[in-house]
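Everything on this sheet refers to the single structure shown next.
The values are calculated or read from the model by the stated rules, or taken from the named source; none is laboratory data. Keep in mind that what you see is a predicted model, and the values were worked out from it rather than measured. As a convention, Cβ positions derive from the backbone with ideal geometry for all residues, glycine included, and neighbour counts pool all protein chains shown.
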Amino acid sequence: MLAYVIDAGREATGDKPLVVYSPQVEEIKSVFADDADFALQAQPRGTGDALRAALDALADDVDEIVVLSGDVPLIEAMSVTALLDARRAAAAPMALAAVELDDPAQYGRVVLGDSDTVERIVEHKDATADERGIALINCGLYAFDAAWLRAALPRLTPSVATGELYLTQLVEICAADGRAAIAVFEPHDADWESELAGINDRSDLAELQLIMQLDIVQGLMVEGVTFHDPQSVIVESTVRIEPDVTIEPNVILRGTTTIGRDTLIRAGSQILDSEIGPRSVVWASVVEGSKIGNDVHIGPFAYLRSGCDVGDGAELGNFAEQKNVRFGARSKQHHFSYLGDAEIGEDVNIGAGTITANFDGRRKHRTVIGNGAFIGSDTILRAPITVGDGAYTGAGSVVTKDVPPGKLAVGLPARIRERRPLAEDDGQKA
């Protein structure tokens, strides 16, 4: 949530945002260390006290302040800009965003005076029955003249109901100073009812996530991406998809994932922080932290863990798993097999049930398989080990020593033998 708010604030003002945090959420400092500065509110005592903590952390030469809520992720930079422009034009000490709702629910109500000036804001829990009938609500987006704010903040008094200091009391202080706070209404091309909606519980979170997902998917469809069932997918805003990609139902795309043109992501796939090349197919599989080349076929039910690099034209079939593997062009791993910490050459065939035994109980070791090698079904390769170019392993072999190029390893433990050619009439290799 906070990342979207930080982005909007920075885009609207050109400055690095200042985030007010409490000790309970101190971890956000490491997450957003490069994106924001921070001010600690040691004891959460309301929005007024949070603003006090922010003001204490700002330089004295700051002359204008805009306040955003951290739980309003749909906010757009243009809305922040509209609020700032309105305050400047009116030379008002304070401006706030306001919108009418059919059901104001728990939001604070805005009581207006003349010419869209604000007489006061009443929090729902402090409002009378008549005040709760007001449909105009406070959106939690404010702009201030910093010099006036520095003088006004010490005059906040605790709420009788909660003991908290409310930022909204600044409206009354403004009026007491003989000046007027102003209400700013949504621009003609904005929908503040949705955009400035806050997240108060898990139900609100789910509702706003649906809105955000629809916006992301609609934007991608306009750019030429096909979604068979837009409502069934999850696509994070950081994902980049080229035109003419097709996304089937129940797909999840997260992180820094990129997908090349004419690729098909079939139903049930999950892709995280990975690069998928053009004209590839990923079907009901999980790919994380990996790079997939062009014209690659993955799945169904394959699993690529972090650090994999799959070459052009390669094929990974059902229940094939890789971890930290460079898998060469046109190589095949079709059935029920595990490759970990391995370097696989080009045009290699990995038989069903193959395992690279990469862990000796203390350390991981690497397996190297050369170009054109053929690994027979149920082979166990005890790393560290090298299988040379064009070498073979027989079905069920346990290979504990390097296999020279062109040789055959067979048995338990495997012995190295010369390969015997098949009958000349079929032209195949043994």
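Hey, which of the strands (runs of 3 or more DSSP E) in region 71-169, taking only ones fully inside, have at least 2 residues that are aliphatic (A, V, I, L, M) and in contact with a Cys (Cβ under 7 Å, 6 or more places away or on another chain)?
Hits in region 71-169: 94-100.
From the list VAL245, VAL239, VAL233, exactly one residue is more than 28 Å from GLU100 (Cβ to Cβ), in contact with a Phe, Trp or Tyr (Cβ under 7 Å, 6 or more places away or on another chain), surrounded by 14 or more Cβ atoms within 10 Å (Cβ to Cβ) and not assigned by TED's automatic domain parsing to the domain that holds VAL99. Which is it?
Answer to the selection: VAL233.
Looking at (1) closer than 20 Å to ALA383 by Cα; (2) modelled with pLDDT under 95, can you tell me which one HIS335 breaks?
Evaluating HIS335 over (1) closer than 20 Å to ALA383 by Cα; (2) modelled with pLDDT under 95 leaves (1) as the failure.
In this structure, is ALA152 in contact with an Asp or Glu (Cβ under 8 Å, 6 or more places away or on another chain), in the same structural domain as ILE182 (by TED's automatic domain parsing), at pLDDT 90 or above and not β-branched (Val, Ile, Thr)?
yes
More than 40 Å from the chain's Cα centre (by Cα) and either crowded, with 16+ Cβ neighbours inside 10 Å or assigned to a loop (DSSP other than H, G, I, E, B) (or both): which single residue out of VAL410, VAL368 fits that description?
Going through VAL410, VAL368 in turn, the sole match is VAL410.
When region 371-383 is examined, which residues are found to be part of a loop (DSSP other than H, G, I, E, B) and either hydrophobic (A, V, I, L, M, F, W, C) or in contact with a Lys or Arg (Cβ under 9 Å, 6 or more places away or on another chain) (or both)?
Selection gives ALA373, ALA383.
Would you point out which residue out of GLU172, GLU186, GLU119 is among the acidic types (Asp, Glu) and closer than 24 Å to MET78 by Cβ?
Answer to the check: GLU186.
Among the residues of region 300-348 satisfying the criterion of being among the charged types (D, E, K, R) and part of a loop (DSSP other than H, G, I, E, B), which is nearest to SER285 (Cα to Cα)?
Here the answer is ARG305.
When only residues in region 205-227 that are assigned to a helix (DSSP H, G or I) and among the small types (Gly, Ala, Ser) count, which is modelled with the lowest pLDDT?
Taking the candidates together, the pick is ALA206.
THR386 - would you say it is touching a residue at least 12 places away in the same chain (Cβ under 8 Å), hydroxyl-bearing (Ser, Thr, Tyr), over 23 Å from ILE298 (Cβ atoms) and assigned to a strand (DSSP E or B)?
yes
Using the structure shown, decide if ALA90 is surrounded by 14 or more Cβ atoms within 10 Å (Cβ to Cβ), of a type in the set (A, V, I, L, M, F, W, C) and touching a Leu at 6+ places or on another chain (Cβ under 9 Å).
no
Given the options ALA342, ALA320, ALA391, ALA314, name the one that is touching a Pro at 6+ places or on another chain (Cβ under 9 Å) and buried (at least 19 other Cβ atoms within 10 Å of the Cβ).
The match here is ALA391.
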